[in-house]
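Input: a single structure, listed below in structure tokens.
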Amino acid sequence: MSRSSVDPGTTHRFRLVIDGVSVGEFTGCTGLACTVEVEEYPEGGRNDSMLYLPKRVKFPPLVLTRPLTQEAEKLSQWVMDSVSEARQQTGQVAALAPDGKVLAKWDLQSVMPVAWHGPRFDASGLGAAIEVLEIVHHGLFKAGTT
């Protein structure tokens, strides 16, 4: 049996696209998740279990990280422009395989940056200078349905 040369679960980077324009590629992405809040409802005459009714879905902030690149100024400027324009933006996070092909993608509603951390410079350290972008959104949607 032959194995594929690409492990299907291996990703090396993540691409962030806002309103159809690439904001950049990142090496780390956390917060791609959702939690459904439920209300417990004790149905009359039913003593063996509860009914659970969905109330709302919560989405944590996405936190994207990458080593310092020449796109750092572009990213910090996008954050400042987004805040000053205060407009609704759509976004997409795509997980990329080692060969650059998209493994999976998630479309995001009403994206807004809430934090950007520039790299910490330390000439005595050996680690890479890392920048961090944190964004919030109002949920996931299927492309073409907004």
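Observations, loosely collected:
- Length gained when the stretch V21-S124 is fully extended (0.36 nm per residue, less Cα-Cα span): 33.4 nm
- Proximal lysines to K55, defined as alpha-carbon separation beneath 22 angstrom and excluding residues fewer than eight positions away on the same chain: K142
- Candidates S76, S110, S49: whichever shows maximal mean-square fluctuation once the chain is modelled as a Gaussian network with Cα springs under 10 Å: S49
- Measure of compaction for the chain (Cα Rg per 2.2 N^0.38 Å): 1.35
- Spacing of the modelled spin labels on L53 and Q70, each 7 Å from Cα toward Cβ, amounts to 5.8 nm.
- Relative to the current alpha-carbon distance between V132 and K101, full extension at 0.36 nm per residue lengthens the span by 8.8 nm.
- In Å², nearest 10: area of T65 left accessible to a 1.4 Å probe: 40
- Of the chymotrypsin sites (Phe, Trp or Tyr not before Pro) in the stretch 82-146, those whose Cβ has at most 13 other Cβ within 10 Å and which sit in DSSP loop: F121
- Loop-located GluC sites (Glu not before Pro) across the stretch 34-64 with a Cβ neighbour count of 15 or fewer within 10 Å are E43, with loop assigned by DSSP.
- Rel. contact order, % - alpha carbon contacts under 8 angstrom, at least six apart, the stretch 14-97: 40
- For the chain, the solvent-accessible area with a 1.4 angstrom probe is 67 square angstrom per residue.
- The apolar share of the surface of the chain, taken as the fraction of accessible area on carbon and sulfur atoms (1.4 Å probe, ligands and nucleic acids excluded), comes to 54 percent.
The values are calculated or read from the model by the stated rules, or taken from the named source; none is laboratory data. Note that the coordinates shown come from a computational prediction; the quantities given were computed from them, not determined experimentally. With ideal geometry, Cβ positions are generated from the backbone for all residues, glycine too; neighbour counts draw on all protein chains shown. To get the accessible areas, we keep the full protein, side chains included, count just its heavy atoms, and leave off ligands, DNA and RNA. Shrake-Rupley method; radii C 1.70, N 1.55, O 1.52, S 1.80 Å.
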